[in-house]
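Q: Mind looking over this structure? Questions follow.
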Amino acid sequence: MSDPGAPVTRAWVLHPDILGKAQRHAPASALEEAVALARALPGLEVAGAEIVRLPRVRPGHLFGAGKVAELKARLAAEEVGLVLVDGPVTPVQQRNLEKAWGVKLLDRTGLILEIFAERARTREGVLQVELAALNYQRTRLVRAWTHLERQRGGLGFVGGPGETQIEADRRAIDEAISRIRRQLSKVAKTRALHRAARARVPFPVVALVGYTNAGKSTLFNRLTGAEVMAKDMLFATLDPTMRGVTLPAGQRIILSDTVGFISDLPPQLVAAFRATLEEVLDADLIVHVRDISHPETREQAEDVRRILEELGVTADIPVIEVWNKTDTMAPEARAAVAARAARSPGAVALSARTGEGVEALLQAIGGALEQDRHGRELFLPFSEGRKRAWLHQQGVVEAETPEEEGFRLRVRWTARQEKAFRELQG
């Protein structure tokens, strides 16, 4: 964790707008998001931010010589100690720019890793961050990786350490990666036991997902009364938090809050955090929280849907869309959003901050879970008493008739409950 008394580093955010490169988000929105990312990291003060238009990427310095010199003067005048480039920067470009500007430089992946490391809370979250960071470091050993260089006494290499030192560093990283993977496999087994225990709990699981900063944690706190960190910053939640909630009709559910999604999340980070989102794969219902006031709310929603597909979330899990932050909109716009939500099946307009519309969401969750249930007739021989007891514990038995060889049951359950039942032994 960061030291509150540590000195503040002045940071400058650059968003390269490369000519001819397809962008899902407008440069201005991308820069705004990058600044929000920077502000999510303690100890940083964003001194300035700008879009840099590039006719083409220069392999040595990313930017052209004139732009490098112009930025050098600006960074020196503003006493900047860290430059954040909102995009990929090769190890060679990073080394050359750090030398030219006399500052530390992080690209988008490096910045997100720093934030993940700051926010991770559970043992699994910490291990996932370390694994992603080591994999990232391993690809950058053509230069003197900063913390490794410090361990060797900070010799101030320009072209990076010698080949022998690089190989030694790579071997050390590979050993650390293997060790963390072994630890993660143990943690995964523990989590599998917890999931198995949850499968026996007779409550449906509802997972909150959404673009980062959409207001998921604020909504989670509103619905559960839990004091989960809910700050106006990106990636405020990294580890899923689960709480019980009672719906208006009296039905109990388990609500799960998850890490926020973001566009262009580097593939190695999606893979590293897949386990963090496993709760979503087991959900009976997904609640997709959107910041409906954001100018690119549609693009953000599409990013979320794409990542859910990449994670393996199937189309048979029902989804409710929450159009959040209506309190930040002008009255006319708020009324228009409310009217549109009323016409859109599976959409609820609300403000998690004020609580307006939250009751309608709870009712929509109850209705969606009821619609998700389907009927089945089962026959269980007397020898399968454990399965019969499980069905009653889940509260899904509508009728039961004893017969000569066992019990004839009529059940009404969700797809998740049916799957859990099929996996039961005896």
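Q: List the lysines whose alpha-carbon lies under 25 Å from that of K104, not counting same-chain residues fewer than 8 positions away?
A: The qualifying lysines are K67, K72.
Q: Evaluate E = 1/(1 + (r/R0)^6) for T401 and H374, where r is the Cβ-Cβ distance and R0 equals 30 Å; express this FRET efficiency to the nearest 0.05.
A: About 0.90, to the nearest 0.05.
Q: Quick one: Karplus J couplings for the stretch 76-92, per residue in order, coefficients 6.51, -1.76, 1.60, θ = phi - 60°, nearest Hz, x for Gly and Pro?
A: So the Karplus estimates, Gly and Pro as x, are 5, 5, 8, 6, 7, x, 9, 10, 10, 9, 7, x, x, 10, 6, x, 5 Hz.
Q: Still on this model: For the stretch 309-320, what does the Karplus curve 6.51 cos²θ - 1.76 cosθ + 1.60, with θ = phi - 60°, yield as ³J(HN,Hα) per residue in whole Hz, taken in order and with x for Gly and Pro?
A: Rounded to whole hertz, the list is 4, 4, 6, x, 6, 8, 5, 7, 7, x, 10, 10.
Q: A follow-up question, please. Per residue of the stretch 25-42, in order, report the coupling 6.51 cos²θ - 1.76 cosθ + 1.60 (Karplus, θ = phi - 60°) as ³J(HN,Hα) in whole Hz, putting x for Gly and Pro.
A: 10, 4, x, 5, 5, 4, 5, 4, 5, 4, 5, 5, 4, 4, 5, 6, 9, x
Q: In addition: Between R386 and E359, how high is the FRET efficiency from 1/(1 + (r/R0)^6) when r is the Cβ-Cβ distance and R₀ = 45 Å? Nearest 0.05. Show your work: numbers first, answer last.
A: Working: r = 39 Å, r/R0 = 0.87.
Efficiency at R0 = 45 Å is approximately 0.70.
Q: Of the peptides 17-23, 345-351, 394-400, how do they stack up when ordered by the mean number of other Cβ atoms within 10 Å, highest first?
A: Output ranking for 17-23, 345-351, 394-400: 345-351, 394-400, 17-23.
Q: Work out, step by step, the length gained on full extension between R412 and R343: first 0.36 nm times the residue separation, then minus their alpha carbon distance; give nm to one decimal.
A: Stretched out fully, the R412 to R343 stretch lengthens by 21.9 nm.
The numbers here are math on the coordinates, done by the rules we state, and not lab data. No experiment lies behind these values; they were computed from the predicted model shown. Cβ coordinates were reconstructed from backbone atoms using ideal geometry, including for glycine residues, and neighbour counts include every protein chain displayed.
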